[in-house]
Every structure is written in C-alpha cells, then in structure tokens.
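One structure is given below, encoded as structure tokens.
The values are calculated or read from the model by the stated rules, or taken from the named source; none is laboratory data. As the structure is a computational prediction, the values presented were derived from the model and not from experiment. Cβ: placed from backbone, ideal geometry, glycine included. Neighbour counts: every protein chain shown.
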C-alpha cells in the first residue's frame, strides 16, 4: 500500500477533509471537524494512526508487530500501523473505515445529519 492509496481511502469516506493543523508534512483526515486518521504521507517508513475500539486495538497489537499503541495519541483508543507489508492491505482499509465510523458515530446528531 502506498501513501497515495492511504490518502485515497481516507478521502473516499463521506464528508472527509484533509487538514494540516500540526505542520505541512502531517495529513490529518477529519469528519465533522474530528480527526479519524493522521499520517506523514511523505515519511519513510510510512505509517498511519487510526482510532480503534480499545479491546480490538489490543488484539491487533498482539496479532501484528507492525501495529502499536498510537504514537503521541491516547494509547487506549488509537493504534499506529506501520505500512511495511506485514499487515494485509484489506485490514488497513477496514481499520480506516472503522476509525471513520467510530468518529462519525461520536459526533452530535445535528452534525451527523449535515454530513449526508
């Protein structure tokens, strides 16, 4: 999976915007103004941080060496995935979609209704 693939999957989620609140090198993908993914897309090695249900986050960390507690994020709710080929692309895609769904579900109803 490439940086372009990661970016495309994130932007494929409805009403997603890419922002750069930390610095121009770190893409932050948001829905309803809330972050669901972040990645330094030009960095080697490539990685992406994603929100996750705590129990699932721990399970994934045990199963894959390339999945660790979120770097500079709440370790209970965020995982960082090293894109080194050891985590199947389909799982990375599902993790992005799950992160988006978790964040979107946590938005106020009025905000969710404006997202379509």
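From the list 80, 114, 68, the one residue that fits, being within 23 Å of residue 44 (Cβ to Cβ) and either touching a helix residue (DSSP H, G or I) at 6+ places or on another chain (Cβ under 9 Å) or surrounded by fewer than 16 Cβ atoms within 10 Å (Cβ to Cβ) (or both), is 68. Checked against (1) modelled with pLDDT of 95 or more; (2) farther than 24 Å from residue 108 by Cα; (3) surrounded by fewer than 20 Cβ atoms within 10 Å (Cβ to Cβ), residue 44 passes all but a single condition, namely (1). So, of the residues in segment 88-101 that are in contact with a strand residue (DSSP E or B) (Cβ under 9 Å, 6 or more places away or on another chain) and over 20 Å from residue 42 (Cβ atoms), which turns out to be surrounded by the most Cβ atoms within 10 Å (Cβ to Cβ)? Ranking the candidates gives 99 first.
From the set of residues in segment 102-111 that are in contact with a strand residue (DSSP E or B) (Cβ under 8 Å, 6 or more places away or on another chain) and not in a helix (DSSP H, G or I), which is surrounded by the fewest Cβ atoms within 10 Å (Cβ to Cβ)?
Step one: filter segment 102-111 for residues in contact with a strand residue (DSSP E or B) (Cβ under 8 Å, 6 or more places away or on another chain), giving 102-104, 106-107.
Going one step further and asking which of them are not in a helix (DSSP H, G or I), we end up with 106-107.
Details: 106: 14, 107: 16.
My answer is 106.
If I filter segment 61-84 down to residues being in a loop (DSSP other than H, G, I, E, B) and modelled with pLDDT of 95 or more, which single residue comes out as nearest to residue 34 (Cα to Cα)? By that ranking, first place goes to 83. Checking every residue in segment 11-30 against the condition of being modelled with pLDDT of 95 or more, closer than 18 Å to residue 100 by Cα, out of contact with any helix residue (DSSP H, G or I) (no Cβ under 6 Å at 6 or more places or on another chain) and in a helix (DSSP H, G or I) gives at least one match.
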